[in-house]
Amino acid sequence: MKWALAAFIGIVTVILVAFAWFQSGGMKQHAMFSAVTPEQAVQALMTQIQNRNYQQAFASLDPASGADYSSFVRDVAGSDGSLRTYSSLQSSDVSPLHANADQALVRLRMTWSSAVGSLDDVRDVQVRRDGSVWRVVWPKPAVTKVPPQVVSVNYLRWEVIGRNSSQSWGAQDVDSPKVRITSMNAISRPGRVVIVGEVENEDTVPAYLNVNATLLKADGSPIEEEGSFDLISHVLLPKQVSPYRIDFPGVRMDAVKSVRMDARALLVPASADPVIAISDQTLSKDGLSRTVLKGELVNQSGRPVNIAQVLAAYYDDSGKVIWVADGYVDQALMPQVPVPFAVDVPDDIAPRLKNYRVIVNHYSQAGS
Amino acid sequence: MADLGPFFPRLSRLTLLCLLSGLAWSADLHVPANVEAGKAFSIPAEGSGEATFYLVGPDHVAKRTVNLGGAVQIESSEVRAAGRYQAILCGSSCSSATFQVKASQPARLSFFLHPSRVPVSMPDSVDATAFVFDQYQNLVLSPNSVDFRVTPATGAAFSKQSPAKNGVAWMRMNSTPHEGRVQVTAALGKVEEARVIQQVAAEACGLRIKATSSGSIMTVETDPVRDCSGNALPDGTVVSFTNIDRAGKSTVDTPIKKGVARGQFRVHGTAHINVACGVVLGNELALKGSL
C-alpha cells in the first residue's frame, strides 16, 4: 500500500511537471532549437517573444542578423513609453513566400494586443539554414540618429480661469468654444450605419470636443445615439479641423429617416505643441495586398511623443468625406525622427478615393 | 403644529393655516393694499383680549399672540420678499386679509453679457441683459430705464438706453471692427454692473506664404496672419500647410506664433505648397526642391 501511494504521487508529479513544461512553451522551445522548417523557426521565435523571453529569442536568431540584443529588444518590446511597451504579442501568422535548400522568405504577421485594440505588424522575414536547424535573420532596425542639438521651442499654452462658484448669479464667466460641424455624411456599411464628416473649432481658444449623432426614424423617434469615441481629435486648437466617424453597429440604413448631430465643446487648458508633420503620404498596397495610406510622422518639437494616432479623412471627387480611418503608431515619436505609419483604405472606398487629409492625435507622458 | 395623524401625514402647517383662514368666520382685518418690501407697518386689531396672529408670506410664516384693541406691528424683516401675503387673526373667531408686497427701490443689477468672446464686425452678435433687483433680491417690476454704456478698447464709447419690462432690460449690438477688450456697463441710477467681452479677430483674410530653402529642407512661412479688418489672428491659431511633390503629399498643422506660422518640408522635385487656416485658403507656391 505504501509503495502504491508513493508511485501514485511520483506519477502525478511527473505528469504535472510535463504539463507545466508544455504550457510554458517547452515544446515550442524544443522545436525552436530543432526547427526543421523555416515556418517552425519563425513560430518558435514568436513564442519566445510572446513569453517575453527576449534573451532566448535573441539567442535563436541567425548570427548573421544585424541586430544587437538591445536593438532587438527595442524593436519587439518597444521603448520610450511607446504603445508597443504597453502591448503584448497576441498571435502570429506565418506564410511562406519563397524557399530553397538554404534560405527562405516568409511573411510574418504579428498581431499585438494593446489598450487601444489590436495592432498588426507585417514583415517579410528571411530564414537561413544553420546545419540541421533554421534560424531567423532579424535585421537591425533602422534608427535615424539626430545629431545633438538644441531645439528652440516657444511653448504656447492656454490656461482657463473659470467662474468662482461662490459668485452670485449673473457673474461673468467664459463661454465654451464655438465649434461647427462642417460636413456630415451617412453611409451604409455591411451590418452598420456610419456617420463621417469633419468638425472645426471656429473659436480662438482650444476646445475639448465630442461629436454625437442620433439616428431618427420617420416618426422622429430615436433609433440609437452614439459618439465618435476615439475616431476624432478631441482637443482642437483654434481653426483646427478634425474628421470624425460614428459607428452604429446593427442598424440598417433603410430604417433611418434623419440624423441629429450634436457637437459639444468644453474650454480646456491645452498646449499648441508638439507640431507633428505628416510627410510623404501616398496610397499603396501593403504586404497583404490591401490598399493603405502610408507616410511618415515627424515630430518637429523637441520632446518625445509617446503614443500617436493617425486619423485620415478620405474624400471623393466632389470633396465629400466618404470614410474616416485611424491607426495607432506603436513607436514613440522622437524629435525630428521620421516614423512610418499606414492606415487602411477599405476595398470599396479605394476606387472612389480622390483626396485625403491626415491629422495626428498625440499623447505624451508628463516629464518624458 | 403637529401632523394630523396617518390619514393626513403630509398636511403641512402652511396648508392648514390657509384652510383655517378660509373656513373661519371672517371679521374685517384692515391691511394696506400695497406694501414696499422691507418696510415695517401695522395692522389695526379691533376687539379686546388676546388673539393669535399669523402672517403667511412667500418665504416664511410667522405666528404670535397679540392684544386686540391695538395694532399688530409687522416688522421690516417679515416682509422682505415681494409677493402675496395673508394676515390671519384668530380670537374667538378668525378673520383674514391679503396684501401685496412690492419690490423696493432698485439696488442691484444682475447683468448677463453674451458671448464672452466674439469675432469683430459681427452684426447683432452681442446680447446684454440686465435684471433689476432691490436690496432684498426681489425683481423690480416697476418701469425703469437701464443705461448700457459700451467702452471699446479703441474708438469712442457710446451708450444705449433700454426700458426694463417686468424687471428685465436688454439690448443687442454689433461687435466693433477692432479686437480687444470691450467693457459694457449696465447702469440704473447709482447702481452699476460691468462686464467685459473679448473681441477677437475674425477669419483669416489674404493668407499668403513665402518659402526659403536650406539644403533639402524648405521652410514655409506665412505673412502676418490678419483678418479683413487688419486684426492679427491670435497666437495658437492653427495654419495648415500642404506640400504635394514627387514623394506624395505632406502636411503640417502648425500654430501661429508671434503672428506668423511656419512649416518645414523636405521637397522632392517640383512641389506645390498651399496654405489654409480653418476654411480659408491662401496662395499656392510652385517650387523646385533639391532632392
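The values are calculated or read from the model by the stated rules, or taken from the named source; none is laboratory data. Values in this document were obtained by computation on a predicted structure and should not be read as measured data. All Cβ positions, glycine included, derive from the backbone under ideal geometry; neighbour counts span all protein chains shown.
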Discussion item. Any residue that is assigned to a strand (DSSP E or B), in contact with a Leu (Cβ under 7 Å, 6 or more places away or on another chain) and not assigned by TED's automatic domain parsing to the domain that holds B:Asn283 - is there at least one of those in segment B:161-184?
Written reply: yes
Worksheet item: What residue, among those in segment B:267-287 that are within 11 Å of chain A (Cβ to nearest Cβ) and not β-branched (Val, Ile, Thr), is farthest from B:Gly206 (Cα to Cα)?
Response: B:His268
Worksheet entry | Any hit, segment A:318-338, residues being in contact with a Leu (Cβ under 6 Å, 6 or more places away or on another chain), small (Gly, Ala, Ser) and in contact (Cβ under 8 Å) with a residue 12 or more places away in the chain | no
Worksheet entry | Among (1) more than 14 Å from chain B (Cβ to nearest Cβ); (2) touching a residue at least 60 places away in the same chain (Cβ under 8 Å) - the single one A:Pro148 does not satisfy | (2)
Worksheet item: What's the number of the condition B:Met122 fails, among (1) hydrophobic (A, V, I, L, M, F, W, C); (2) within 30 Å of B:Gly230 (Cβ to Cβ); (3) touching a helix residue (DSSP H, G or I) at 6+ places or on another chain (Cβ under 6 Å)?
Response: (3)
Worksheet item: Restricting segment B:73-111 to residues that are surrounded by fewer than 20 Cβ atoms within 10 Å (Cβ to Cβ) and within 14 Å of chain A (Cβ to nearest Cβ), which is nearest to B:Ser42 (Cα to Cα)?
Response: B:Ala107
Practice prompt. Please tell me if B:Arg246 is more than 30 Å from A:Gly170 (Cα to Cα), basic (Lys, Arg) and either surrounded by fewer than 22 Cβ atoms within 10 Å (Cβ to Cβ) or under 37 Å from the mean Cα position of the chain (by Cα) (or both).
Written response: yes
Worksheet entry | strands (runs of 3 or more DSSP E) within segment A:303-368 that include 3 or more residues more than 14 Å from every other protein chain (Cβ to nearest Cβ) | A:321-329
Item to complete: Hey, could you check segment A:92-135 for residues that are of a type in the set (Lys, Arg) and in contact (Cβ under 8 Å) with a residue 40 or more places away in the chain and say which is nearest to A:Ala59 (Cα to Cα)?
Response: A:Arg135
Worksheet item: Just checking, which of B:Gly248, B:Gly236, B:Gly278, B:Gly269 is outside the structural domain of B:Val120 (by TED's automatic domain parsing) and touching a residue at least 60 places away in the same chain (Cβ under 8 Å)?
Response: B:Gly278
Fill in: Matching residues, segment A:50-89, being buried (at least 17 other Cβ atoms within 10 Å of the Cβ), closer than 20 Å to A:Trp21 by Cα and over 19 Å from the mean Cα position of the chain (by Cα)
A:Gln56, A:Ala57, A:Ser60
Item to complete: Kindly provide the set of residues from segment A:248-257 that are part of a strand (DSSP E or B) and either of a type in the set (A, V, I, L, M, F, W, C) or under 28 Å from A:Asp203 (Cβ atoms) (or both), ordered by number.
Response: A:Phe248
Worksheet entry | Scan of segment B:251-266 for residues that are within 7 Å of chain A (Cβ to nearest Cβ) and without any contact (Cβ under 8 Å) to a residue 40 or more places away in the chain, ordered by number | B:Thr251, B:Val252, B:Asp253, B:Thr254, B:Pro255, B:Lys257
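Quick one: in segment A:190-245, of everything that is charged (D, E, K, R), touching a Ser or Thr at 6+ places or on another chain (Cβ under 6 Å) and part of a strand (DSSP E or B), which residue is nearest to the other protein chains (Cβ to nearest Cβ)?
To start, the set of residues in segment A:190-245 that are charged (D, E, K, R) comprises A:192, A:198, A:200, A:202-203, A:217, A:219, A:224-226, A:230, A:239, A:245.
Right, trim to touching a Ser or Thr at 6+ places or on another chain (Cβ under 6 Å) and you get A:198, A:200, A:225, A:239.
Checking the rest, the ones that are also part of a strand (DSSP E or B) come to A:198, A:200, A:225.
Values: A:Glu198: 10, A:Glu200: 6, A:Glu225: 28 Å.
Only one residue tops the list, namely A:Glu200.
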Worksheet item: Within segment A:270-286, can one find any residue that is more than 12 Å from every other protein chain (Cβ to nearest Cβ) and of a type in the set (A, V, I, L, M)?
Response: no
Worksheet item: Failed condition for A:Ser168, given (1) within 31 Å of the chain's Cα centre (by Cα); (2) within 14 Å of chain B (Cβ to nearest Cβ); (3) farther than 30 Å from B:Gly236 by Cα; (4) of a type in the set (S, T, N, Q), with all others met?
Response: (1)
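For segment A:94-162, please list each of the strands (runs of 3 or more DSSP E) lying entirely inside it that holds at least 1 residues being on the phi > 0 side of the Ramachandran plot. Explain how you work it out, then say what you get.
Working: elements: A:103-114, A:117-130, A:133-137.
The qualifying strands (runs of 3 or more DSSP E) are A:117-130.
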Discussion item. Could you tell me how many of the residues in segment A:338-368 are over 20 Å from A:Thr282 (Cβ atoms) and of a type outside the set (D, E, K, R)?
Written reply: 8
Discussion item. I'd like the residue in segment B:139-160 that is aliphatic (A, V, I, L, M) and under 20 Å from the mean Cα position of the chain (by Cα) and, out of all such residues, is surrounded by the most Cβ atoms within 10 Å (Cβ to Cβ).
Written reply: B:Val146
Practice prompt. Might you let me know whether segment A:290-302 holds any residue that is among the aliphatic types (A, V, I, L, M) and away from chain B (no Cβ under 14 Å)?
Written response: no
Worksheet item: Taking segment B:112-139 only, how many residues are of a type in the set (Ser, Thr, Tyr) and within 12 Å of chain A (Cβ to nearest Cβ)?
Response: 3
Worksheet entry | Subset of segment B:166-206 (residues that are more than 11 Å from every other protein chain (Cβ to nearest Cβ), touching a strand residue (DSSP E or B) at 6+ places or on another chain (Cβ under 6 Å) and closer than 30 Å to B:Glu284 by Cα) | B:Cys205
